[in-house]
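Below: the structure, in structure tokens.
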Amino acid sequence: MNKIYDVAIVGAGIVGLSTALKLQEQGKNVLVLDKEKSPGTHQSGRNSGVIHSGIYYKPQSFKSNLCIRGRELLIDFMNSESIPFRIEGKIVVDHDIEKITHLNNRAKELNMDGVRPLERNEILDLEPNCKFESALYVPQAGVVDYKVVTEKIAKKFETLGGTVKYFQKIKSIDSKNDLKILTSDKETFTSEYLINCAGLFSDTVALMDNIKPNLRIIPFRGEYFVLNQEKSHLVNNMIYPISDPNLPFLGIHLTKTVDGQIEAGPNAVLAFAKEGYKWSNINVFELSKTISYKGMWKLGKKYFGTGISEMYRSLNKRVFLKEILNYIPNVELKDLEPRVAGVRAQAVSSNGDLIDDFVFEEGDNSLHVLNAPSPAATASLAIGEYIAEKIN
Ligand SMILES: Cc1cc2nc3c(=O)[nH]c(=O)nc-3n(C[C@H](O)[C@H](O)[C@H](O)COP(=O)(O)OP(=O)(O)OC[C@H]3O[C@@H](n4cnc5c(N)ncnc54)[C@H](O)[C@@H]3O)c2cc1C
């Protein structure tokens, strides 16, 4: 008979591996399964690399609590594992001073030290090329390469006795005698408990476990450009917009990455495959499921204009440039090089709402992470801690 693990986790992204690490630290015998050849192949290795402060999220939501706690755990982890990162803060800009004041009040509510509105001369001290007149300084924000973090978490988990198996695409899940039987394209695995951290496929894996969530994961590609070396002096750290709470991932930002490049992006374009990193990646089965979902029609109706303009910006570099020029001057088309894109796993409800908060749904001896968009990389170790406490 197969070895029986205490917990099997589908997905070796940063959320699955953080959860595995926290459970293994509790003395559980944990197995992580992924269809790819290495950790963090999808969202965890293709993102903006920002360590979020937690200021953007509704106080007491999962996002708010787990981002703030996760940031602390992440900083401890990066220090203990000697992972390069920088916490040099960001400026959040908007022409509407009321929005800046609202965000500043949120920071006060969350007891975030050092957050403060900036006068024009203070903006120029931090970001001499920024065109905005009003901004909020958020010192807690930073940057890291989450692919590196994910690999280190995997390594630590394995050092503690945990098992990760790659090239195992889970195709079915059965429940027998209080055990979960996971079958991949190659093997069968048995565990007492199942955790689904399958990111873009978390809805598909939930269905395998007979969970019928009132949501669907819709893939939204985020494309980036990198400013060439000559223009990299134009941004010192990060210049961010204030996002619309209904469309939280809209609005490109400028970020100096941990290796010193200036990235502009991401936009948000409907992807034609769950892992559709380019316009040419089309999966007819996945696309037909996306467009036949009633929540997608309702979403499309509400945000038709926004969707079209995001697609137009994706296809037209000039429009992307125009947006960059709202923040800083002196950038030309020739200064922009495309960077690898990422695809966000965004849960959309059957009412056509983008579900903002993280979603966890329990089944029989199982827990499904059904919505873990940004800032889930920042929050990952706290998500793991939360799940480990919950199922203990
Ligand atoms: C463009 C973009 C920018 C972002 N920027 C930031 C940021 O700056 N800061 C931040 O905190 N967060 C950011 N995020 C969010 C963050 O990257 C994600 O929330 C986080 O990586 C989610 O991790 P995950 O482990 O849930 O998913 P993933 O990393 O996608 O991992 C899921 C894993 O499940 C595996 N899998 C799926 N189906 C199966 C199956 N059937 N069998 C076996 N394995 C399976 C996949 O291969 C994959 O490895 C960003 C995301 C994107 C896309």
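The values are calculated or read from the model by the stated rules, or taken from the named source; none is laboratory data. Here the structure is a predicted model, which means the values were calculated and not measured. Note: ideal-geometry Cβ built from the backbone for every residue, glycine included; neighbour counts use all protein chains shown. Side chains are part of the model used for accessible areas, which takes the heavy atoms of the whole protein and leaves out ligands, DNA and RNA. Shrake-Rupley method; radii C 1.70, N 1.55, O 1.52, S 1.80 Å.
Per the 1.4 Å probe, what fraction of the accessible area of segment 256-376, in percent, lies on carbon and sulfur atoms? Numbers along the way, then the final one.
Numbers: 3320 of 5800 Å².
That fraction is 57 percent.
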- Note on the structure: GNM of the chain, Cα pairs under 10 angstrom: of Phe360, Phe62, Phe304, the biggest fluctuation goes to Phe304
- Extension gain (nm, one decimal) between Leu160 and Ser232, 0.36 nm per residue minus Cα-Cα: 21.8 nm
- Message: Among Lys169, Lys301, Lys155, which one shows the highest mean-square fluctuation when the chain is modelled as a Gaussian network with alpha-carbon springs under 10 Å?
- Response: Lys301
- Hey, in the GNM for the chain with a 10 angstrom Cα cutoff, which one of Glu127, Glu109, Glu263 fluctuates hardest? Glu109
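Heavy-atom accessible area per residue, segment 90-139, 1.4 Å probe: how many Å²? List each step's numbers first, then the result.
On the way: 2760 Å² over 50 residues.
Accessible area per residue, segment 90-139: 55 Å².
Per the 1.4 Å probe, what fraction of the accessible area of segment 90-139, in percent, lies on carbon and sulfur atoms? Please list the in-between numbers first.
Values: 1270 of 2760 Å².
Roughly 46 percent, rounded to a whole number.
Please compute the per residue accessible area over segment 304-392 with all protein chains in place, 1.4 Å probe, rounded to a whole number of Å². Write out the running numbers ahead of the final one.
Details: 3780 Å² over 89 residues.
I get 42 Å² per residue for this part.
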- Near the amide H of Ser48, under 5 Å away, which other amide H atoms are found, from residues 5 or more places off or on another chain, if H is placed in the peptide plane? none
- Short version: ³J(HN,Hα) in whole Hz for each residue of segment 45-57, in order, from phi by Karplus 6.51 cos²θ - 1.76 cosθ + 1.60 (θ = phi - 60°), x for Gly and Pro, what are they? x, 9, 9, 7, x, 9, 8, 7, 7, x, 5, 6, 9
- Task: Using only Cα atoms, locate the centre of segment 256-311 and the centre of segment 24-56, then give the distance between them in Å, rounded to an integer.
- Result: 22
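Can you divide the C-alpha Rg of the chain by 2.2 N^0.38 Å and report the result to two decimal places? Can you show the working numbers first?
Values: Rg = 20.9 Å, N = 392, 2.2 N^0.38 = 21.3 Å.
After normalising by residue count via 2.2 N^0.38 Å, the value is 0.98.
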- Can you work out the FRET efficiency for the pair Glu332 and Glu192, with r the C-beta to C-beta distance and R0 = 41 Å, to the nearest 0.05? 0.10
- Query: Counting only residues 5 or more places away or on other chains, whose amide H sits under 5 Å from the amide H of His368 once H atoms are built in the peptide plane?
  - Reply: Asn196, Glu361, Glu362, Gly363
- Query: Too long at a 29 Å Cα-Cα cut-off: which of Lys108/Lys256; Lys37/Lys334; Lys35/Lys317; Lys176/Lys212?
  - Reply: Lys37/Lys334; Lys35/Lys317
- Query: Measuring with a 1.4 Å probe in the full set of protein chains, what accessible area per residue, in whole Å², belongs to segment 1-40?
  - Reply: 33
